[in-house]
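One structure below.
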Amino acid sequence: MRSIVGDLLLLRLADGSSEPMNKRLYQGIREAILDGAIAADSRLPATRDLAAELGIARNTVVHVYSQLLAEGYTRSRQGNGTFVNASVPDSYLASGRRRRLPPPAQPRPVLSPRGAAIVDGVSASPYQWGAFMPGVPDLTEFPHKKFGRIFSALWRNPSPDLLTYAYGGGLPALREALAQHLALTRSIDCDPEQIIITEGSHQAIDLATRILGEAGETAWVEDPGYWGARTILQANGLHTVHLPVDEEGMRLPETVTTPPRFIFVTPSHQYPLGPVMSLARRRQLLAVARQSGSWIIEDDYDSEFRFSGRPIASLLGLEPDAPVIYMGTFSKTLYPGLRVGYLVLPKTLTAAFQAAHAELYREGHLMTHAALATFISEGHYAAHIRRMRMLYGRRRAMLVNLIERRLGPDWLHRDASMAGLHLVLTLPPDMDDLRVVDVARSKGVLTRALSRYYVNDEGRRPGLLLGYACVPENEIARKFEVLLESLADVARAPARAAVAQSGRR
């Protein structure tokens, strides 16, 4: 078997030079060490193996290895091999030569208008774990050993069917387990064939809008609303109309001038404000969709986590033959890195979506599907949700108590429902929530600014999304004190600026 070092040296020796082979080989290895192509602490091939790969005499390789060892580029121990040293010889550094030069500045790439719009409007955060990051479950509480045992059992004797491409919208066993789970928890009566397994909610939205929508058509979205859905809709050429949210959910227009092709909603726990869509508003929404020939995309992203009251029925399960595409994910109930979501489709759309999903995304990850199917069917998934619901409920209560005691009940958003994984902290109208986020991050606390979720100015006000799910109970109070310090720092900044301005007059 050829080694990577051997392949590298064959390329470097193929320069047509007339110099002796021992000199060329020495220079090739030496330069590869210095420019980082052969990494520090990596093991060089045995002299016999490298000689055979390069088609040269072994004595030549032995001579070069001895020279590199003598000059300090490598180290060797009898019977253990030859390794690259972590530091280069001082004589080489003193020569004024440098390691690999930085690449020349590249011209700014010319993006398409669609690409530029996506990049310029990025809202995804590079920080995804820690207090008080919203939308992130407690990853340390996932039953890793139990899930690992299921995975290990599958890998001991994997079926070839689980290691190749798939067709049909995901592993049948996972779709069967999901259909049973949704029937029990969300009153959704569907066949397994109506479920399409996706790589998270973003791919699910992308698939639905590509197959059912055309560029230039209209999509209604909530304002404030989930930026990820808005980005994908716009990237696929849809014109988004941003409808305000009140205590009953999305506020529908009195008259529909341009019928929407899609209506994207989070009715069970509006994101990010939190109200639950009222039954009257749900009926109105379904009626508008039927009259307009629209498809409702129902994002049920964290409906499993309700801490009081009766479960809220899904839109899909409210009426027979509802024009609803239901979307769910395991990112909140298990962990985001799993990258498994799903769509529940009307039967008339199933065959088309199965074909399109295979054509666009080349399905896979069937081993993960198989492990997840077993995890659900053996009852571990339901047990995990019950346990986390109790844990998150305690953490929510602690955070609510801190907000009301240290700041006052008016700082808690009026629509804070007994559900979800985050609360909304309202800020004074003149406070810059983006600045608060930056200051808090510098102190080791993460949050997101509410203003970033709005498009229109109507109803916009500053606030913070405080995720409590991923914060251990013994850290909530301490992290909240850091957040209070950040609020105080930002509140003092305008006062200092005003004093400085008056002093200059």
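The values are calculated or read from the model by the stated rules, or taken from the named source; none is laboratory data. Everything numeric here is computed off the predicted structure, so don't read it as measured data. Positions of Cβ are generated from backbone atoms using ideal geometry, with glycine treated the same way; all protein chains shown enter the neighbour counts. Heavy atoms of the whole protein, side chains included, go into the accessibility calculation; ligands, DNA and RNA do not. Shrake-Rupley method; radii C 1.70, N 1.55, O 1.52, S 1.80 Å.
Data for the structure
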quantity	calculated
Whichever residue in segment 226-281 is touching a Phe, Trp or Tyr at 6+ places or on another chain (Cβ under 6 Å) and not aromatic (Phe, Trp, Tyr) and, among such residues, is farthest from Lys332 (Cα to Cα)	Pro260
Which listed residue is open to solvent by less than 60 Å² (accessible area, probe 1.4 Å) and more than 25 Å from Asp302 (Cβ to Cβ), from Ala117, Ala166, Ala131	Ala166
Matching entry among Ile325, Ile296 (being in a strand (DSSP E or B), touching a residue at least 40 places away in the same chain (Cβ under 8 Å) and more than 19 Å from Gly467 (Cβ to Cβ))	Ile325
Helices (runs of 4 or more DSSP H) wholly inside segment 1-79 containing at least 2 residues that are in contact (Cβ under 8 Å) with a residue 40 or more places away in the chain and under 43 Å from the mean Cα position of the chain (by Cα)	4-13, 21-34
Residues located in segment 339-373, provided they are β-branched (Val, Ile, Thr) and open to solvent by 40 Å² or more (accessible area, probe 1.4 Å)	Thr348
Every residue from segment 195-217 that is open to solvent by 20 Å² or more (accessible area, probe 1.4 Å) and part of a helix (DSSP H, G or I)	Ser201, His202, Gln203, Asp206, Arg210, Ile211, Leu212
Residue in segment 85-100 that is surrounded by 12 or more Cβ atoms within 10 Å (Cβ to Cβ) and either at pLDDT 75 or above or of a type in the set (Val, Ile, Thr) (or both) present	yes
Hits in segment 122-145 - residues which are touching a helix residue (DSSP H, G or I) at 6+ places or on another chain (Cβ under 6 Å) and outside any loop (DSSP other than H, G, I, E, B)	none
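Condition check ((1) in a helix (DSSP H, G or I); (2) closer than 27 Å to Arg461 by Cα) across all residues:
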residue: His242; (1), (2): no, yes
residue: Pro259; (1), (2): no, no
residue: Ser268; (1), (2): no, yes
residue: Gly274; (1), (2): no, yes
residue: Leu285; (1), (2): yes, yes
residue: Ala289; (1), (2): yes, no
residue: Asp302; (1), (2): no, yes
residue: Ser314; (1), (2): no, no
